[in-house]
Structure formats: structure tokens, C-alpha cells
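Here's the structure, in C-alpha cells; my notes come after.
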Amino acid sequence: MKRQNRILKAEDYEEPRCLLSGDPYGVTPEVIPVPIQRILRRMDEYMGRKDYEEAERHLLYWLEEAGLGHDRKGQLLICNELVGYYRKMADKEKAYRYGKEAESLLSALSMTESLSGGTTYVNIATACSAFGDNALAMTFFEKARAIYESSEYTRPDLLGGLYNNMGLACAALGRFSEASQFYGQAMEQMDQVTNGALEQAITCLNQANLVEAELGLEQGDSKICALLEEARGFLDRSDLPRDGYYAFVCEKCAPTFDYYGYFLYSKELLDRAEEIIRQSKSE
């Protein structure tokens, strides 16, 4: 009887290549990055012309592609986009679902203390605020604040957006003094940003709402009017590009002007937005 050879060969312990994943067990899968810039550019196009169904289909398609390509960073970015998308679509369940998925990806990537982590926390917090969970939102905002304020690489637009959103959450919680402080910090940061006037216009209107909440319409009338005029000055600047984001800001600001009696200007803003969207669809 011949003695059997007991030396193990690779085929004795390796799993066969999976036809679905393409990777054998125990082998680090190859990462195939998704085209982030192309994804974001196309997303901006869909949202600019309000093609919401295609925007959602676009993101879900690339999220699946990122998963198949083992591109966790791509998955993180797309999950963040989905949180923002579902926030705009008022779909709380899906916004929170992808927010949790984004948190898990941050941990898996060891990025919880990174600037990307801060941006993710801001995104999740903004969704929480949109659905009325402002106390929960503040916990995420504070995580982002700790990251942003401790990093020398934080851009002014990131800090400006953070402070503005923290102001909104504090105002909703009745913490008016803190809200006012955050709005002031937002204005200072956005003054350093190219085309930051659009964000400053939004902050001015948020400040007007804060004055009303704290003082009432009658007592706060002069301050409210001054803030509305300041916001109008920012929106009317001739150096601002009249693009999809400008249209979005016009639509965002119009209801506040209408609420305070600036009916004609509110309509003008909506007309500007409509014209921009019409032109984008014809291109």
C-alpha cells in the first residue's frame, strides 16, 4: 500500500471563487471605485431640473455598484447623498436608514474623527432637524463641531453651514441666545467663501425668524425689516452665478419674504428660479 501524501495544497483549503462576488474566501477583494465626480455632477443635474425619480434611481444604482466593487468610501458618500435626498423628499424612514448606514461605514473605515465624519454628522443632524428631532440633531451637530473646530483643514463653508444649522436647531429648542451666537458665527465664516452671499441671505432670514420667535412681530418689526433688506441685498448681487443652486436658494427664501409681506419680491424670486430651471431643461 502506498503511503498517502498529507501535504495540503491550496485547493484543499481555499474556497472556490464565488461566481457572484468574484473573490475567493480569505482573499482581500479588489476595490473598484465608483466615479464620484460624475455621480455628483449628474445628481446636481437631476435635482436642478426637479427630476426626482431619476435622482433617486441614479443614487441607488451607484450605491449598489459601490457595494459590488467593495468601495466603502463610495458607499459612504452616496449614503450621505441619499440622506439629503430623502430629507428633501420628506421621507423620514429612509433618511434615517441611510444615516445609520453612513454611521456604520464611518466606523468600518475608521473615519469617525475625520472631516468626512464631521460632514456625515452634519448631514444626519440636518435630517433630524428637518423631521423635528432637534435634541437628537444637536448631539450630531456637537460631534461635527468637535471635529471641525479642532482641525486646521476645515473650510469656512463647512463651519458656516454647521453654525447656521446649529442656530436653527437651538431656535427650535427655544435656546435663543445660543441661536443668535451661532448665526453670527455663520455670517462671519460665509463672508470668507466665494458666493457665500447665498448662504448669508439664508442666515439673515433665519435671524429674522429668530427675532420674531423671541420678541414677537410687533416688537421685533424694525429688526426683522432690516434683516430682510440685508438678505435681499445678498440675493440681488450681480456677481452670483444664476445656476441650479441659485434657483434652489431663491425657492427656499421666497416663502419667508412672502410671510413678512414682501409679496412682489417673493414672486420675483420664484420667477428667477423657474427661469433657471426652464433653461436647464432645454439644454
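Around the Cα centre of the chain, unit charges on the Cβ atoms of Lys, Arg, Asp and Glu (plus for the first two, minus for the last two) sum to a dipole of about 1060 debye.
Could you work out [θ]222 nm for the chain from helices alone, using -39500 (n - 2.57) per DSSP H run of at least four and dividing by all its residues? Round to the nearest 500 deg cm²/dmol. Write out the running numbers ahead of the final one.
Values: 13 runs with 203 residues, N = 283.
When only DSSP H runs of four or more count, the value is -23500 deg cm²/dmol.
Using a cutoff of 8 angstrom between alpha carbon atoms and counting only pairs six or more residues apart, the relative contact order for the chain works out to 11 percent.
Measuring nothing but how far apart in sequence close Cα pairs (under 8 Å, 6+ apart) lie, relative to its length, segment 33-154 scores a relative contact order of 18 percent.
Return the FRET efficiency for the residue pair Gln219, Glu142: r is the Cβ-Cβ distance, R0 is 30 Å, and the value is rounded to the nearest 0.05.
Working: r = 32 Å, r/R0 = 1.06.
So the FRET efficiency works out to roughly 0.40.
Give the whole-number value, in cubic angstrom per residue, of the convex hull volume spanned by the C-alpha atoms of segment 127-283. Kindly include the intermediate steps, with their values, before the conclusion.
Values: hull volume 19.4 nm³, N = 157.
Spelled out: Cα convex hull of segment 127-283, divided by residues, is 123 Å³.
Among the listed pairs Lys100/Lys281; Lys50/Lys94; Lys143/Lys223; Lys94/Lys143, which are separated by more than 28 Å between their Cα atoms? Numbers along the way, then the final one.
Numbers: Lys100/Lys281 34 Å; Lys50/Lys94 19 Å; Lys143/Lys223 33 Å; Lys94/Lys143 22 Å.
In this structure, Lys100/Lys281; Lys143/Lys223 exceed 28 Å between Cα atoms.
Applying the Karplus relation 6.51 cos²θ - 1.76 cosθ + 1.60 with θ = phi - 60° to segment 213-221 yields 3J(HN,Hα) values of 5, 8, 10, x, 5, 5, 6, x, 3 Hz, where x marks Gly and Pro. Computed from backbone phi, the HN-Hα couplings of segment 162-176 come to 4, 5, 4, 5, 5, x, 4, 5, 5, 4, 5, 8, x, 9, 5 Hz, rounded to whole numbers (Karplus: 6.51 cos²θ - 1.76 cosθ + 1.60, θ = phi - 60°; Gly and Pro given as x). Can you list the aspartates and glutamates whose alpha carbon is less than 12 Å from that of Lys252, not counting same-chain residues fewer than 8 positions off? Qualifying aspartates and glutamates at Cα under 12 Å: Glu199.
Springs between Cα atoms under 10 Å define the GNM used for the chain, and in it the highest mean-square fluctuation of Gly117, Gly261, Gly167 occurs at Gly261.
Readers should treat all values here as calculations from the given coordinates under stated rules, not as data from a laboratory. All figures in this text were calculated on a predicted structure; none of them were measured in a lab. No Cβ is skipped: glycine too gets one built from the backbone with ideal geometry, and neighbour counts run over all protein chains shown.
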